[in-house]
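K.L.:
What follows is a single structure, and I will ask about it in a moment.
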Amino acid sequence: MSNQPAVMATAYHEAGHAVAAIMQGIAVHTVTIKPGDNYFGLTKHGKTRMDGFQPDYESVPPRVRDRMEKQARCALAGLIAQRRFSKSSIRQWHAHQDHRIAADLVSRLAHSIPETEAWLNLLHIQTEQIIDAHWYGVEAIAQALIKRTILRGSEARALIRQAFQTWMNAELARLGAQEGGNGIAQ
């Protein structure tokens, strides 16, 4: 696949969705940057069915609320990863559908528009933290997508594990070098 900027931005966008899902324990089925009829890339993962679900706020079980928040974070993660990769790749229409999904999920839990907006802001901050903490995984999945265009969920999980191990080994080596340079006994 090409390394053209739009393809790379899509790869990072979809990698963000995949990493957010995997790191929250949501099964990922496939991740692709092969364009479809109405998308440039797609991450298929376990969904929370919300058709016709209009709960009374107080009656939503914590487990259901947690699942809905996880789904909202997954939706927000694509644009967050894409923006971290390249702010200049963002267009006004990017992730409009993703944001709509997140807002729809949260609006089913909140009492008001201000509460929905505040909840979305919190989820956005939490999602940024997930992407920042697991950037090594975003990069690994994005680079694999650029080469192959599609990954199975098991491949995405394996790439995150492998990238984490590489990152951890580099960190341990860096810390070991710092200890040796500071005269600390090893």
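Every read-out reported here was derived from the displayed coordinates using simple, explicitly stated rules and does not represent laboratory data. Keep in mind that this is a model prediction, so the values were computed, not measured. All Cβ positions, glycine included, derive from the backbone under ideal geometry; neighbour counts span all protein chains shown.
K.L.:
Filter segment 74-123 down to residues that are surrounded by 16 or more Cβ atoms within 10 Å (Cβ to Cβ) and polar (S, T, N, Q) and give me whichever is nearest to the chain's Cα centre (by Cα).
P.N.:
Going through the qualifying residues, I end up with 82.
K.L.:
Go over the candidates 145, 151 one by one and state the one that is assigned to a strand (DSSP E or B), touching a strand residue (DSSP E or B) at 6+ places or on another chain (Cβ under 7 Å), of a type outside the set (D, E, K, R) and surrounded by 14 or more Cβ atoms within 10 Å (Cβ to Cβ).
P.N.:
Exactly one of 145, 151 is assigned to a strand (DSSP E or B), touching a strand residue (DSSP E or B) at 6+ places or on another chain (Cβ under 7 Å), of a type outside the set (D, E, K, R) and surrounded by 14 or more Cβ atoms within 10 Å (Cβ to Cβ), namely 151.
K.L.:
Among the residues that make up segment 166-175, is at least one of them in contact (Cβ under 8 Å) with a residue 24 or more places away in the chain and either in contact with an Asp or Glu (Cβ under 7 Å, 6 or more places away or on another chain) or farther than 14 Å from residue 13 by Cβ (or both)? Talk me through it step by step, then tell me what you get.
P.N.:
Residues of segment 166-175 in contact (Cβ under 8 Å) with a residue 24 or more places away in the chain: 166-167.
Applying the additional criterion that residues be either in contact with an Asp or Glu (Cβ under 7 Å, 6 or more places away or on another chain) or farther than 14 Å from residue 13 by Cβ (or both) yields 166-167.
Within segment 166-175 (the criterion being in contact (Cβ under 8 Å) with a residue 24 or more places away in the chain and either in contact with an Asp or Glu (Cβ under 7 Å, 6 or more places away or on another chain) or farther than 14 Å from residue 13 by Cβ (or both)), the answer is yes, since at least one residue qualifies.
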